[in-house]
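J.: This structure is in structure tokens; I'll ask about it shortly.
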Amino acid sequence: MKIEFAGAAQGVTGSKHLLHINGKKILLDCGLFQGRRKQALKWNMKLPFDASEIDILVLSHAHIDHSGAIPLLVKKGFTGKIFCTHATRDLCAVMLRDSAHIQERDAEWVAKKLHKKDKVNPTESGRECALGQVEPLYTIADAEKALALFRSVNYHQEIHLCHGVRMTFHDAGHILGSAVEEWVIRDDETHQNIRLGFTGDLGRKQLPILQDREQLENLDILLTESTYGDRLHDELLQVEDHLAKKINEAVDRGGKILIPAFAVERTQEIMYVLRYLTHKKMIPPLPIFVDSPLAVSATEIFRFHPECFDEDLQKLIADGKDPFFEENGVQFVRSVEESKSLNKFPGSAIIISASGMCEFGRIKHHLSNNISDPNSLVLIIGWMAENTLGRKLIEGTNPVNIFGKSHDVNAEIQIYNAFSGHADQKGLLEFAGGAGDLNNIFLVHGEKSQQKAFKIKLEELPNTKNAKIDIPEPGDIYELSDHKTFVKSHEVNEVTKELFREDKRD
């Protein structure tokens with residue numbers, strides 16, 4: 001048995017972990033890399049393996065950094081089954097189509113730019129440049145073909161994937177339908193029985209909307225995310241007063257309140273919190289616009305999956321107080337014309353818009369129109385990857401470049417990590433601490449500084465202090481040895497390694 005790390009190794013996007021078991025190749029997640037356009041394009045264009053050789057794909061959840069490369073995998077020859085939860089399937093049905101639409105639109109934009117400069121023939125297949133790629137990474141037709149391969153199952157339903165391999169989804173509490181995975185493997189080569197756990201993205205406890213994450217137990221091997229392995233989150237209840245204060249100050253100034261938010265989960269969560277603050281009269285009733293077609297579609301899907309809701313939300317809905325209905329003060333914006341009209345909206349309003357990292361989508365238009373206004377307020381409520389516009393706002397970069405133009409940052413920027421859907425260091429340690437007497441831990445989906453800090457803390461836990469803890473690089477391959485432990489192989493994935501070396505040189 002081997003584990004190959006092809007993405008989200010010493011980084012937080014492009015999740016791809018390839019298991020070689022009993023002659024089969026099983027891929028854990030298949031996400032897009034996100035970040036600077038040139039860097040993301042380089043990583044996304046090259047799959048680090050032959051797609052036609054992958055037998056099965058197991059998907060932890062629908063976020064694009066975990067699912068977004070699935071249509072490309074299918075385009076390149078994958079024909080196997082894709083296993084996920086029911087809610088993940090339904091979210092992917094809108095998210096992958098939306099991602100394909102963005103790919104097609106971006107390719108058209110690049111072709112027009114190049115055509116104007118007479119640098120390339122826009123009809124020439126496969127050409128690319130610093131601006132981007134003339135052909136889309138994949139199309140809506142590719143996404144449709146991929147969706148036909150999905151096979152959704154219930155939480156706690158054990159699936160027999162292939163000879164000697166069984167897998168069960170448990171609730172990760174991260175986004176709707178997200179799962180931690182419990183694997184039971186009989187390895188033919190070493191004749192060992194292995195219990196392996198994969199967190200996908202691990203959720204936090206006691207956040208609104210979703211049930212709390214479930215604990216995996218009695219594991220031998222753990223692949224765990226480490227996004228916030230070096231820090232603790234504020235509790236949501238501790239920031240409500242401050243959040244309300246900042247919103248009220250912006251209202252007094254007559255400014256707009258902009259909230260970049262991931263279309264799935266974070267948008268619905270902030271809607272829930274804003275409704276609560278309004279109900280408690282901590283903020284005045286304000287127009288709230290959800291300006292993201294994907295977020296609108298995702299919110300509709302939420303209503304079909306009450307099995308994922310916590311008791312508080314289930315009771316709220318039973319009492320006729322669904323926070324996702326327009327009657328509760330939220331206005332959903334679909335058309336481009338409606339979105340543009342928000343720029344002329346008189347007075348204060350709250351605009352929740354994608355993308356969550358401010359790199360794409362309608363939020364960039366709203367930022368370009370409001371970021372220089374000292375009356376405006378930008379609420380950062382989610383993770384921002386390195387080199388994204390959102391990270392630059394967090395780090396205080398001023399001015400910032402939006403759509404090729406320089407903008408002074410005069411708007412107030414407020415950061416609230418209490419809304420994060422990822423477990424913090426305490427939560428990650430709690431999960432690992434309850435996972436059994438672990439022999440081997442792999443830290444993935446985290447920047448290296450966070451992983452190093454998390455590793456030090458893991459070495460202090462009673463059940464993990466003697467475990468072998470690895471921080472794999474992209475392209476590393478580990479082989480199962482005796483005593484249910486993996487050792488680093490001399491074999492590497494050269495495609496991934498070369499991309500990683502190029503990024504280091506950049």
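J.: Can you tell me which of Leu429, Leu367 is touching a Cys at 6+ places or on another chain (Cβ under 7 Å) and buried (at least 17 other Cβ atoms within 10 Å of the Cβ)?
T.: Numbers: Leu429 fails: touching a Cys at 6+ places or on another chain (Cβ under 7 Å).
Matching residue, one of Leu429, Leu367: Leu367.
J.: Let me ask something else. Please give the number of the condition Lys321 fails out of (1) exposed (fewer than 15 other Cβ atoms within 10 Å of the Cβ); (2) assigned to a helix (DSSP H, G or I).
T.: All conditions are met except number (2).
J.: In addition: So His160 clears everything in (1) touching a helix residue (DSSP H, G or I) at 6+ places or on another chain (Cβ under 7 Å); (2) surrounded by fewer than 20 Cβ atoms within 10 Å (Cβ to Cβ); (3) not acidic (Asp, Glu) except one condition, right? Which one?
T.: Result: His160 fails condition (1) only.
J.: Taking helices (runs of 4 or more DSSP H) that do not extend beyond the range 413-506, which have at least 1 residues that are within 13 Å of Leu223 (Cα to Cα)?
T.: Numbers: elements: 425-433, 448-458, 494-505.
Fully inside the range 413-506 and qualifying: 425-433, 448-458.
J.: Next question, about the same structure. Evaluate the range 391-404: report whether one residue or more is within 22 Å of the chain's Cα centre (by Cα), assigned by TED's automatic domain parsing to the domain that holds Thr278 and touching a residue at least 40 places away in the same chain (Cβ under 8 Å). Don't jump to the end; show me each part of the working.
T.: Within the range 391-404, the subset within 22 Å of the chain's Cα centre (by Cα) is 391-395.
Next, only the ones that are assigned by TED's automatic domain parsing to the domain that holds Thr278 stay: 391-395.
From what is left, the residues that are touching a residue at least 40 places away in the same chain (Cβ under 8 Å) are none.
Looking through the range 391-404, none of the residues is within 22 Å of the chain's Cα centre (by Cα), assigned by TED's automatic domain parsing to the domain that holds Thr278 and touching a residue at least 40 places away in the same chain (Cβ under 8 Å).
J.: Ok, one more. Out of the residues in the range 187-197 meeting the condition of being at negative phi and without any contact (Cβ under 8 Å) to a residue 60 or more places away in the chain, tell me which one is surrounded by the fewest Cβ atoms within 10 Å (Cβ to Cβ). Don't jump to the end; show me each part of the working.
T.: We begin by selecting, within the range 187-197, every residue at negative phi; these are 187-190, 192-197.
Adding the requirement that they be without any contact (Cβ under 8 Å) to a residue 60 or more places away in the chain leaves 193, 196.
Values: Asn193: 12, Leu196: 25.
So the residue we want is Asn193.
J.: Let me ask something else about it. For the range 272-296, which positions are hydroxyl-bearing (Ser, Thr, Tyr) and either over 15 Å from Arg334 (Cβ atoms) or in a helix (DSSP H, G or I) (or both)? Before the answer, list the steps.
T.: Filtering the range 272-296 down to residues hydroxyl-bearing (Ser, Thr, Tyr) leaves 272, 276, 278, 292.
If the condition is that a residue be hydroxyl-bearing (Ser, Thr, Tyr) and either over 15 Å from Arg334 (Cβ atoms) or in a helix (DSSP H, G or I) (or both), then Tyr272, Tyr276, Thr278 are the ones that fit.
J.: Another one. Need a quick list: helices (runs of 4 or more DSSP H) entirely within the range 1-111 having at least 1 residues that are under 20 Å from Trp383 (Cα atoms) and at pLDDT 95 or above.
T.: Ranges flagged: 64-67.
J.: Next question. Give just the number: which of (1) at pLDDT below 95; (2) in contact with a Phe, Trp or Tyr (Cβ under 9 Å, 6 or more places away or on another chain); (3) surrounded by fewer than 16 Cβ atoms within 10 Å (Cβ to Cβ) does Leu131 not satisfy?
T.: In the conditions (1) at pLDDT below 95; (2) in contact with a Phe, Trp or Tyr (Cβ under 9 Å, 6 or more places away or on another chain); (3) surrounded by fewer than 16 Cβ atoms within 10 Å (Cβ to Cβ), Leu131 misses (3) alone.
J.: Would you point out which residue out of Phe33, Phe49 is touching an Asp or Glu at 6+ places or on another chain (Cβ under 9 Å), of a type in the set (Phe, Trp, Tyr) and either surrounded by fewer than 22 Cβ atoms within 10 Å (Cβ to Cβ) or at positive phi (or both)? Step through it out loud before you land on a result.
T.: Numbers: Phe33 fails: either surrounded by fewer than 22 Cβ atoms within 10 Å (Cβ to Cβ) or at positive phi (or both).
None of the other options fit; the residue is Phe49.
The values are calculated or read from the model by the stated rules, or taken from the named source; none is laboratory data. A quick note: this is a predicted structure, and the numbers were derived from the prediction, not measured. Glycine gets a Cβ as well: all are built from the backbone with ideal geometry, and neighbour counts include every protein chain shown.
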